1. What single numbered condition from (1) charged (D, E, K, R); (2) modelled with pLDDT under 95; (3) away from ligand 2 (no atom under 16 Å from the Cβ) fails to hold for A:Glu127?
2. Would you confirm whether or not region B:80-103 contains a residue that is farther than 23 Å from B:Leu39 by Cβ, away from chain A (no Cβ under 14 Å) and of a type in the set (Phe, Trp, Tyr)?
3. In region A:147-179, how many are within 16 Å of ligand 2 (Cβ to nearest atom) and within 14 Å of chain B (Cβ to nearest Cβ)?
4. May I ask you to list the residues in region A:39-55 that are in a helix (DSSP H, G or I) and either basic (Lys, Arg) or more than 9 Å from ligand 2 (Cβ to nearest atom) (or both)?
5. Across region A:48-74, what is the total count of residues that are more than 9 Å from every other protein chain (Cβ to nearest Cβ) and within 30 Å of A:Glu127 (Cα to Cα)?
6. Name the residues in region A:152-168 that are in contact (Cβ under 8 Å) with a residue 24 or more places away in the chain and away from ligand 1 (no atom under 16 Å from the Cβ), would you?
7. Based on what the data block shows, is A:Val298 assigned to a loop (DSSP other than H, G, I, E, B) and among the β-branched types (Val, Ile, Thr)?
8. Does A:Pro26 qualify as being more than 14 Å from chain B (Cβ to nearest Cβ), in contact (Cβ under 8 Å) with a residue 40 or more places away in the chain, in contact with a strand residue (DSSP E or B) (Cβ under 6 Å, 6 or more places away or on another chain) and not in a strand (DSSP E or B)?
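The values are calculated or read from the model by the stated rules, or taken from the named source; none is laboratory data. A quick note: this is a predicted structure, and the numbers were derived from the prediction, not measured. Here Cβ is always computed from backbone atoms with ideal geometry, including for glycine, and neighbour counts include all displayed protein chains.
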Amino acid sequence: MIETHALGKRYGDLVAVDGISFKVEPGQVLGFLGPNGAGKSTTMKMIAGFLAPTSGSAKVCGFDVETQPIEAKRVVGYLPEGAPSYGEMSVRQFLGFIADVRNIPGNMRSKRFDDAVGRLNLEGVLEQPIETLSKGFKRRVGLAQAILHDPKVLILDEPTDGLDPNQKHEVRTLINAMARDKTIIVSTHVLEEVHAVCSRAIIIAKGRVLADATPAELEARSRYYQAVSLTAADTKAAKEALSRVADVAAIEVDAQDGRITAFPKPGKQIFIAVNQVLQERNIVVRELALEGGRLDEVFRTITQGRAQEAQA
Amino acid sequence: MSAITTVCKRELRSYFATPVAYVFIVIFLVLSSAFTFYLGNFYERGQADLLPFFSFLPWLYLFLVPAVSMRLWSEERKSGTIELLLTLPITMWQAVMGKFLAAWAFIGIALALTFPLWITVNYLGDPDNGVIFASYLGAWLMSGAFLAIGSCISAATRNQVVAFILTVVACFVLVMAGFPLVLDAFRSWAPQALVDAIASLSFLTHFASISKGVIDLRDLLYFVLMIGFWLYASAIVIDLKKAD
Ligand SMILES: Nc1ncnc2c1ncn2[C@@H]1O[C@H](COP(=O)(O)OP(=O)(O)O)[C@@H](O)[C@H]1O
Ligand SMILES: [Mg+2]
């Protein structure tokens, strides 16, 4: 379990994290979203015990990161941003070092080692110096290091940054596989990731929490949520027909491909009504789709709305 | 295994992962023998002792020890591994101590490899081996003090070259503290008590008395306290600077 209370960090005059409070339970994967410089890494560094908070407090599994740092660090697996590791060591030596420092008992050692190496597919590079590995493999070594002691709490700072689509998929699968009994925080600015791995998302910008909800709830805040898109042979007629539907709030036509999107009034559903009116008027449609919410649009609205407010 | 040993082992192993460590040792051995035999008139003196070796050693250390200490913390900060190291379940003190002991052991290995000199004087004459042993001990203690200063300075910067230069300067001042060069700078304005205090900080004064074979507890204590103080300062500096 991870719990923060009004957690804050200043660097000189700059307030990087401004009173963040949340609680994550075992089994939850919390996605930490926010534009660059939002304070995601700083928050994670404080929870992992690297930086001391300048205000507020953080606890992992009941241990306060400031007053019981060793106990807290024991239950945490942490992947720092950029996955730093000792380049001159081989993967085997490096993981051996981590196992030593973490005091993994002799009988568990090879089991934990094999498990981490297996999950991250590191078998082929065990004897290779880390500095000679590709970026993707370096990231995997960082992840192996973080899960080696089977921690209750995992803090992963941009675990998929700079990976190719296949590698991203692997890392997400890994996180999902470990999610059941662990408490996990993942930071990212890749929004598709949120759907793939997170059970909950916190959007932060300028060090403050702007939204705290499930990915589905966030999507429901989108303008596109429950909107209907279609392409018709006769765009003009189709648009005219859609404007007759009572619950349609707005209609937009894409200038490039002529795709029409009808937005519902808040809380209304228009798919069936749209269908009916199209049939009544015998309008030929090539494609008709019910839209889900668009997370990137919600993200932009939330984070930029706040930025504009701040400027005003 | 204790955390200090684990950190120390990893660090020491990393020295030998590249040729740099071997090059360092070779340079150290070549220079120390060159000083001893040519500048120190080893043969011409006609005395069976290692005095020429030990009197040049502080000056050799002045440049070689900062070359070892400069990467201690700068490297960790530059590569970001400091974040990994300090989020493992170890205390700051264990990390500082582990890394320091590795560097100290490394210097110790280089120093121990000068043993042919010791054998040579025993072959040529009949030296006082107790004095030589005391001198080795004193030299190693002194290198520890150099290293601890270097550890603190290396914690303050990511730039190894800057760390090297600042460490050389700091160590130079401490080595020279008992000499007129440094003392005169203070004598004109500082009270005599301060001048005496500075003079008593001199590495050379303490090293010289140990290498005469007089193992005075105060001299040992001086180096031990010096090491302790600078390592403590290292921990504080790391804490202050680790964020940037
Ligand atoms: N060591 C530091 N010193 C000063 N400012 C910093 C430092 N680290 C981060 N910052 C600033 O704090 C803010 C938050 O940074 P960070 O937590 O890294 O954001 P994120 O991970 O969300 O991109 C940024 O404005 C960044 O420039
Ligand atoms: Mg970041």
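1. Unmet for A:Glu127, out of (1) charged (D, E, K, R); (2) modelled with pLDDT under 95; (3) away from ligand 2 (no atom under 16 Å from the Cβ): (2).
2. Checking region B:80-103: at least one residue is farther than 23 Å from B:Leu39 by Cβ, away from chain A (no Cβ under 14 Å) and of a type in the set (Phe, Trp, Tyr).
3. Residues that pass the stated criteria total 5.
4. Passing the criteria: A:Lys40, A:Thr43, A:Lys45, A:Met46, A:Ile47, A:Ala48.
5. 0
6. Listed by number, the residues that qualify are A:Lys152, A:Val153, A:Leu154, A:Leu163, A:Asp164, A:Gln167, A:Lys168.
7. No: the conditions fail for A:Val298.
8. Yes, satisfied.
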